[in-house]
Amino acid sequence: MLDADFFRRWMTATAASVDREAERLTALDSPIGDADHGTNLQRGFTAVVAVLEKEAPDTPGGVLTLAGRQLISTVGGASGPLYGTLLRRTGKALGDAGEVSAEQLTEALRTGVDAVMTLGGAAPGDATMIDALVPAVDALGDSFTAARTAAEEGAVATTPLQARKGRASYVGERSIGHQDPGATSSALLIAALVEAAGE
């Protein structure tokens, strides 16, 4: 079973990973976006870790709901609302339970991903974060490690696609050949699950 500590570790591991990869995320964003994806997420997840240390919710749902709220209020551009919605809706779906199973996390995360698709209007194949998140959730039933692999492969698979949603869609065919920064950062979020679980 996964408790609030596990979810705090997940957010802390995500923040550390975004910190390490911020320059790469911004470099991916540079030719097709506003060249701020790494710095925006870095600021957001740093704020998430700070607020979780201060408020320390005692349920998994509470941790993710607070993290999502913090991202929405801290991160500019599209990534704040999208990541914030993902975590908030996942947290709300987990409810008030003190512990949740991996199966419950999978179903809650699916609810979160669906909310992101509704908000952003993106579907798999549009070269967005959805291309990493959907396969990750599908693989999460097997293991956190399988989800990480699926997310990383999904992110890489955005490279030959033309972006049809988000900031990258503005550059049209010039988005082809660029790995989507949102899918890449989503893969970092999923990979942090493995770290939190100590796998």
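The values are calculated or read from the model by the stated rules, or taken from the named source; none is laboratory data. No experiment lies behind these values; they were computed from the predicted model shown. Cβ atoms come from the backbone with ideal geometry, glycine included; neighbour counts cover every protein chain shown. Each accessible area value is taken on the protein alone, full model and side chains, heavy atoms only, with ligands, DNA and RNA left out. Shrake-Rupley method; radii C 1.70, N 1.55, O 1.52, S 1.80 Å.
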Checklist line | Within the accessible area of the chain (1.4 Å probe), percent carbon and sulfur | finding: 50 percent
Item checked: Sites Asp138 and Ser101, calculated FRET efficiency, Cβ-Cβ separation with R0 25 Å, nearest 0.05 -> 0.90
Check: Per residue, how many Å² of accessible area does the chain show with a 1.4 Å probe?
Finding: 42 Å²
Check: When you take every Cα atom in segment 24-119, what is the radius of gyration, and what is Dmax, the widest Cα pair distance, in Å?
Finding: 14.1, 44
Next item on the list: Would you mind calculating the relative contact order of the chain from Cα pairs under 8 angstrom and at least 6 residues apart, reporting the percent as a whole number?
Entry: 22 percent
Checklist line | Label zone at Glu53, where the point sits 7 Å out along the Cα-to-Cβ direction: segment 172-199 residues whose backbone N lies under 20 Å | finding: 196
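Shape of segment 1-77 from its Cα gyration tensor (a ≥ b ≥ c, root eigenvalues): rounded if a/c is under 1.5, otherwise prolate when a/b > b/c, or oblate? Present the calculation step by step, with values, prior to reporting the outcome.
Working: a/c = 2.85, a/b = 2.08, b/c = 1.37.
It is prolate, given that a/c is not under 1.5 and a/b is the larger ratio.
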Next item on the list: Go through segment 83-95 residue by residue and turn each phi into a ³J(HN,Hα) via Karplus (6.51, -1.76, 1.60, θ = phi - 60°); whole Hz please, and just put x for glycine and proline.
Entry: 5, x, 5, 4, 6, 5, 5, 5, x, 5, 5, 6, x
Next item on the list: Apply the Karplus parameterisation 6.51 cos²θ - 1.76 cosθ + 1.60, with θ equal to phi minus 60°, to every residue of segment 151-161 and state each ³J(HN,Hα) to the nearest whole Hz, in sequence, with x for glycine and proline.
Entry: 5, 5, 5, x, 5, 4, 5, 6, 4, x, 7
Check: Assigning unit charges at the beta carbon (Lys, Arg +1; Asp, Glu -1) and nothing else, what dipole magnitude in debye, to the nearest 20, does the chain show about its Cα centre?
Finding: 580 debye
Notebook entry, point to check: Say each of Lys92 and Val156 gets a label point 7 Å from the Cα, pointing the same way as Cα to Cβ; how far apart are those two points in nm?
Noted result: 3.6 nm
Check: When only C-alpha pairs under 8 Å and at least 6 residues apart count, what is the relative contact order of segment 57-165, in percent?
Finding: 21 percent
Next item on the list: For segment 1-79, calculate the relative contact order in percent as a whole number, restricting contacts to Cα pairs under 8 Å that are 6 or more residues apart.
Entry: 37 percent
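Suppose R0 equals 25 Å. What FRET efficiency, 1/(1 + (r/R0)^6) with r the Cβ-Cβ distance, do Arg174 and Glu23 give to the nearest 0.05?
Details: r = 22 Å, r/R0 = 0.88.
That gives a FRET efficiency of 0.70.
Assuming R0 = 30 Å, what is the FRET efficiency of Asp34 and Thr145, from their Cβ-Cβ distance, to the nearest 0.05? Intermediate results must be reported in sequence, preceding the final value.
Working: r = 33 Å, r/R0 = 1.10.
Taking R0 as 30 Å, the efficiency between Asp34 and Thr145 is 0.35.
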Item checked: Over the chain: Rg over Rh, Cα atoms, Kirkwood Rh -> 0.95
Next item on the list: Please turn the phi angles of segment 17-29 into ³J(HN,Hα) values with the Karplus equation 6.51 cos²θ - 1.76 cosθ + 1.60 (θ = phi - 60°), one per residue in order, whole Hz, x for glycine and proline.
Entry: 5, 5, 4, 5, 9, 4, 5, 5, 4, 5, 5, 5, 6
Next item on the list: Work out, step by step, the length gained on full extension between Asp3 and Thr46: first 0.36 nm times the residue separation, then minus their alpha carbon distance; give nm to one decimal.
Entry: 13.3 nm
